[in-house]
């Protein structure tokens, strides 16, 4: 009999710009496809796009979905509609089960990636950790006493919408001064463009900082300081043992060191190791496949 951990799962990662589908067995991606995310605002278009691609892959017993946004009892809502335009409380799990003709388990993508890091990556060896991805936006997943936290409404871990500056810009979620508007790749590009008087993207900001541009260095130090403050808040509220940092900005050259320096300026009681994520771009796929085997009890 095939062990549960060796069963192949159809894993789906829905992001604001792309959707990845993969077959995953025992923490390994065996086949992978990627398509652009339909941005019509209709969840049915996303489901249809996923079903078309899934039909080209070998059948599996079950499927798992890691998606941007809030998953509440199988319904998907975009906390920031600019990231993923979709109807509020779209019945994602029900629609996918009907289209794929198999059980489906869904959870937020950063939560799924956090589980992959905890089980197989940079979170191994501790029981209380947060995985924070800093990319176009900021997301996170939290593991406490070895259990992934999703919350009653799926909101647990959405640290991108924790307060960074009470006088900061209004966020797409409706709050003012969210750290996502101050330290994400999108925020860094907006702030740098205003500062430099011309459009730039976040990789250009990092390149300019590395070349010695003082204004860009100050901007990146400010973003790192904001994240460090949020990390210390998480430690104060959850007594974490470790923070795992990932994402295109989080893993950009020198940024982790900036965050560590900023944490070093905080009182020592709030200091915890901040380490580089290890699972790469497929962390969400690997994490959701592992969670499917736990949540759906495949035998």
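For residue 73 and residue 211, the difference between the fully extended length at 0.36 nm per residue and the C-alpha to C-alpha distance is 44.8 nm. In terms of the Cα gyration tensor, with a ≥ b ≥ c the square roots of its eigenvalues, is the stretch 124-278 rounded because a/c is under 1.5, prolate because a/b exceeds b/c, or oblate? Note, shape of the stretch 124-278 comes out prolate.
Between residue 278 and residue 51, residue separation times 0.36 nm minus the direct Cα-Cα distance comes to 78.7 nm. DSSP beta bridges confined to the stretch 57-159 are antiparallel in about 70 percent of cases.
A Förster distance of 22 Å, applied to the separation of the beta-carbon atoms of residue 170 and residue 18, puts the FRET efficiency at 0.20.
Counting only alpha carbon atoms, the long axis of helix 283-295 and the longest principal axis of the chain meet at about 50°. Residue ranges 185-194, 151-160 sort as 185-194, 151-160 when ordered by packing (mean number of other C-beta atoms within 10 Å per residue, highest first). Among the listed values (i) 20.4; (ii) 15.5; (iii) 16.5, the one computed from these coordinates for mean projected area of the Cα convex hull in nm² is (ii).
Summarising the strand pairing of the chain, around 60 percent of its internal DSSP beta bridges are antiparallel.
Peptides 15-21, 245-251, ordered by how many other C-beta atoms sit within 10 Å of their residues on average, highest first, read 245-251, 15-21.
With R₀ set to 51 Å, the beta-carbon distance separating residue 195 from residue 31 gives a calculated FRET efficiency near 0.70.
How far is the Cα center of the stretch 24-39 from the Cα center of the stretch 247-299, in Å? A separation of 20 Å, based on Cα centres.
Neighbour counts of C-beta atoms inside 10 Å place 231, 270 in the sequence 270, 231, starting with the fewest. The modelled label-to-label distance for the pair residue 271/residue 218, using points 7 Å beyond Cα in the direction of Cβ, is 2.8 nm.
Values in this text are rule-based calculations from the coordinates and carry no lab data. Please read all numbers here as calculations on a predicted model, not as lab measurements. Note: ideal-geometry Cβ built from the backbone for every residue, glycine included; neighbour counts use all protein chains shown.
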